[in-house]
Amino acid sequence: MPHRLPPGRDADRYPADVVNRASVRLVRDVCGWLSGRADQDAADVDWLPDGNAVCCLEVLLGARVNWLNSPDPTLWKTGDVHRLLIDCAAPRLIDVYRLTELGPTVLRVLVDFLDDTDRFHPGSMRIAALCTELDRAAAKFPAVMADGSVWRLAKRIFTAMLADGVDLADDLAVDAWAAAFGAAPTERRRAVLGVLLDRQPELLASQFVIRDSHVVAIAPGMPVPPQLRRHDPDTCQDCMEAPVNPPVALPAINELADAARESALVCKMVACGRWAGAGRRVTRQGLPSAADTRSLGAALGVEVRDSVRDPRDHLGLIRGWRLAMDTEILRLHRTAVVAGPVLPALERAVADDTDPERTLRAWKDIVEIALTGPTQLAAGDNPIPKLDEFCRPWGPRALGELYRINEPVQLDDLVDTLITAYHGSDADEMLTVMIGAAVRTGLVAGTEAGAVAVTVPANAEIDQLARHSSVLHGEPAWAVAPIPGTHVELTPLGRYFVRLNLLAEGTNAPLLEPAT
């Protein structure tokens, strides 16, 4: 599990921490588009996978996600280019990958690509106006990048480290520089921190902790918080006390592939792509109309009430819509949504019963995204991004715990076990409620994927509010509110999925030999 540093009040960071899947795929598509153009304007720019241009574009798109809350790399509204280059990149990003020189160039290539391939989001500004805005920002960008008066804390610290010849990939060298800087004379610290001291004079006496792309200022004499300490697997108590995974039994691979092929999740994704077909018009928010929303519900076998205006009004629909977008089953093309490039491959994997491994790979690619929650790209789709990020790990954690338990367990007991494992036995009530909801949401995706089986007692008393919410939002009642006696367990397909991930992490996951 990666030890990521959450930014605090006095934390700052320099490059993009988050490059979402949509951005990664778009950069990939831009490179493919350029490779097929003999007249490419950026022929003198290195667009190799690890080249400066690719890295610049990834950093800028990641900056939009981190600091401008703009996760959709195809949606560009009035002022977005100025905010990205002048208000965001210049104060925060150091001049790696020739960013000062190439930043405006790679954005121009991106605009040309989106225009040429009809990939602009329907809510984007007019192309001519966007290009004009880009030209104006490009003219100012080099000067603003070099203007130390606007630099944020992380840019100042990382620029100083680079000037001192520190290898930013060497954790020991970074820690040594931070310790030396903390003990440096006042003049040296003033030279690095500059005008920041006018607004935050306390920084002059602070100690600095540098983790990944984050810089955190800590008051003198205060201990370094545990979450900021370097992770050492040789001394980490959690790593040393990692639970032992029991040996599990799995059926033949053909049976697993059949279960994946028949899972509700795969069937819904195929139906979603076929519903879009050659194209259905969308609103400026990039969502289907009310009528098409109901037709989408019919295609997915989901009951949609007349009051539903678009998929955002129905949890089951918006989850399916976002998953189809994030897995490229669907793709926006200006004013329409069309079947994406992954649909034909998924259809072939579902239809072909001669290659079970291909079927399982296609299934697993979708499930990986479904369990953690797809990226929210539609405008107004995700009003509380931090809550969404909080929920992401709980589905995989629940499946991992079910794998270790290796038998049916009460859902409430599973939630309690996870809360204690990650937050102790004295977690406050609000946190326990949030974790319970997040675990149930992850398990809904697991059941649709055919990886989790949920059993609700036949005589269970379901709260009237939960029953009403279940119908209203298209969720099973056990996912809306706790139902006593509800049991959950992994299916053979779920055990296969978790075991593959454990093996990929280098974790021991023994397999029982089949009975002869």
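The values are calculated or read from the model by the stated rules, or taken from the named source; none is laboratory data. All values reported here derive from a predicted model rather than from experimental measurement. Counting neighbours? That spans all protein chains shown, and the Cβs are built from the backbone with ideal geometry, glycine included. Accessible surface is based on the protein model in full, side chains and every heavy atom, while ligands, DNA and RNA are left aside. Shrake-Rupley method; radii C 1.70, N 1.55, O 1.52, S 1.80 Å.
Conditions tested, residue by residue: (1) among the charged types (D, E, K, R); (2) closer than 30 Å to Gly442 by Cα; (3) modelled with pLDDT of 95 or more; (4) surrounded by 14 or more Cβ atoms within 10 Å (Cβ to Cβ).
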site: Leu196; (1), (2), (3), (4): no, no, no, yes
site: Leu203; (1), (2), (3), (4): no, no, no, yes
site: Ile218; (1), (2), (3), (4): no, no, no, yes
site: Asp238; (1), (2), (3), (4): yes, yes, no, no
site: Ala257; (1), (2), (3), (4): no, yes, yes, yes
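Looking at Leu68, Leu60, can you tell me which residue is modelled with pLDDT of 95 or more, in contact with a helix residue (DSSP H, G or I) (Cβ under 9 Å, 6 or more places away or on another chain) and not hydroxyl-bearing (Ser, Thr, Tyr)? Spell out how you get there, then give the answer.
Values: Leu68 fails: modelled with pLDDT of 95 or more.
After ruling out the rest, the residue left standing is Leu60.
Out of the residues in segment 466-498 that are charged (D, E, K, R) and either modelled with pLDDT under 85 or part of a loop (DSSP other than H, G, I, E, B) (or both), which is farthest from Leu256 (Cα to Cα)? Only one residue fits best here, namely Arg467. Would you tally the residues in segment 81-98 being surrounded by fewer than 20 Cβ atoms within 10 Å (Cβ to Cβ) and either of a type in the set (Asp, Glu) or in a loop (DSSP other than H, G, I, E, B) (or both)? Of the residues in segment 81-98, 2 are surrounded by fewer than 20 Cβ atoms within 10 Å (Cβ to Cβ) and either of a type in the set (Asp, Glu) or in a loop (DSSP other than H, G, I, E, B) (or both). Once segment 390-422 is narrowed to residues that are under 26 Å from the mean Cα position of the chain (by Cα) and not in a helix (DSSP H, G or I), the residue that is modelled with the highest pLDDT is Pro393.
Inside segment 174-189, residues that are surrounded by 12 or more Cβ atoms within 10 Å (Cβ to Cβ) and touching a residue at least 12 places away in the same chain (Cβ under 8 Å) make up a count of 7. Residues in segment 295-307 that are surrounded by fewer than 19 Cβ atoms within 10 Å (Cβ to Cβ) and free of Cβ contacts under 8 Å to residues at least 40 places away in the same chain: 6 in all. Within segment 334-377, the residues that satisfy the criterion of being among the acidic types (Asp, Glu) and without any contact (Cβ under 8 Å) to a residue 40 or more places away in the chain are Asp352, Asp355, Asp365, Glu368. Among residues of segment 138-160 being under 10 Å from Ala90 (Cβ atoms) and part of a helix (DSSP H, G or I), the one that is most open to solvent (accessible area, probe 1.4 Å) is Lys140.
What pairs can you find where one residue is in segment 263-285 and free of Cβ contacts under 8 Å to residues at least 40 places away in the same chain and hydroxyl-bearing (Ser, Thr, Tyr), the other is open to solvent by less than 20 Å² (accessible area, probe 1.4 Å) and assigned to a helix (DSSP H, G or I), and their Cβ atoms are less than 9 Å apart, with a gap of 6+ or different chains? So the pair list comes out empty. Residues in segment 99-109 include at least one that is open to solvent by less than 30 Å² (accessible area, probe 1.4 Å), touching a Phe, Trp or Tyr at 6+ places or on another chain (Cβ under 7 Å), at pLDDT 95 or above and farther than 26 Å from Ala336 by Cα.
Might you check whether a residue that is open to solvent by 10 Å² or more (accessible area, probe 1.4 Å) and either within 26 Å of Ala438 (Cα to Cα) or aromatic (Phe, Trp, Tyr) (or both) occurs anywhere in segment 274-289?
Of segment 274-289, the ones open to solvent by 10 Å² or more (accessible area, probe 1.4 Å) are 274-275, 277-285, 289.
Applying the additional criterion that residues be either within 26 Å of Ala438 (Cα to Cα) or aromatic (Phe, Trp, Tyr) (or both) yields 275.
Yes - at least one qualifying residue is present in segment 274-289.
Identify the residue in segment 65-75 that is touching a residue at least 40 places away in the same chain (Cβ under 8 Å) and either within 14 Å of Cys88 (Cα to Cα) or under 15 Å from the mean Cα position of the chain (by Cα) (or both) and, among all such residues, is most open to solvent (accessible area, probe 1.4 Å). My answer is Asn69.
If you check Val192 against the conditions, is it among the β-branched types (Val, Ile, Thr), surrounded by 12 or more Cβ atoms within 10 Å (Cβ to Cβ) and in contact with a Lys or Arg (Cβ under 8 Å, 6 or more places away or on another chain)? Break it down into steps so the answer makes sense when it comes.
Values: among the β-branched types (Val, Ile, Thr): yes; surrounded by 12 or more Cβ atoms within 10 Å (Cβ to Cβ): yes; in contact with a Lys or Arg (Cβ under 8 Å, 6 or more places away or on another chain): yes.
Considered against the rule, which asks whether it is among the β-branched types (Val, Ile, Thr), surrounded by 12 or more Cβ atoms within 10 Å (Cβ to Cβ) and in contact with a Lys or Arg (Cβ under 8 Å, 6 or more places away or on another chain), Val192 comes out as yes.
With respect to Asp112, determine if the residue is touching an Asp or Glu at 6+ places or on another chain (Cβ under 8 Å) and not in a loop (DSSP other than H, G, I, E, B). Outline the logic, then answer.
Working: touching an Asp or Glu at 6+ places or on another chain (Cβ under 8 Å): yes; not in a loop (DSSP other than H, G, I, E, B): yes.
Taking the combined requirement at face value, the residue satisfies it.
Within this structure, Phe120 passes the test of being at pLDDT 95 or above, at negative phi, in a loop (DSSP other than H, G, I, E, B) and out of contact with any Gly (no Cβ under 9 Å at 6 or more places or on another chain). Consider segment 289-322 and keep the residues that are of a type in the set (Lys, Arg) and more than 25 Å from the chain's Cα centre (by Cα). The one that is farthest from Met125 (Cα to Cα) is Arg305.
Of all residues being open to solvent by 70 Å² or more (accessible area, probe 1.4 Å) and not charged (D, E, K, R) in segment 411-427, which is farthest from Arg499 (Cα to Cα)? Just the residue, please. Can you show your working first?
As a first pass, look at segment 411-427 and keep what is open to solvent by 70 Å² or more (accessible area, probe 1.4 Å): 413, 416, 420-423, 425-426.
Narrowing further to those that are not charged (D, E, K, R): 420-423, 425.
On the way: Thr420: 23, Ala421: 21, Tyr422: 21, His423: 25, Ser425: 28 Å.
Result: Ser425.
Here Leu48 meets each of (1) open to solvent by 30 Å² or more (accessible area, probe 1.4 Å); (2) under 23 Å from Arg126 (Cβ atoms); (3) not in a helix (DSSP H, G or I); (4) not polar (S, T, N, Q) with one exception, condition (2). State whether one or more residues within segment 311-330 are basic (Lys, Arg), in contact with a helix residue (DSSP H, G or I) (Cβ under 8 Å, 6 or more places away or on another chain) and surrounded by fewer than 16 Cβ atoms within 10 Å (Cβ to Cβ). No, the conditions are met nowhere in segment 311-330.
If you scan segment 260-288, which residues turn out to be in a helix (DSSP H, G or I), within 23 Å of the chain's Cα centre (by Cα), closer than 30 Å to Arg126 by Cα and of a type in the set (A, V, I, L, M, F, W, C)? Residue satisfying the conditions is Cys272 alone. Among residues of segment 348-363 being surrounded by fewer than 17 Cβ atoms within 10 Å (Cβ to Cβ) and not aliphatic (A, V, I, L, M), the one that is nearest to Gly400 (Cα to Cα) is Arg361. Scanning segment 348-373 for residues that are within 26 Å of the chain's Cα centre (by Cα) and among the hydrophobic types (A, V, I, L, M, F, W, C) returns Ala349, Leu360, Ala362, Trp363, Ile366, Val367, Ile369, Ala370, Leu371.
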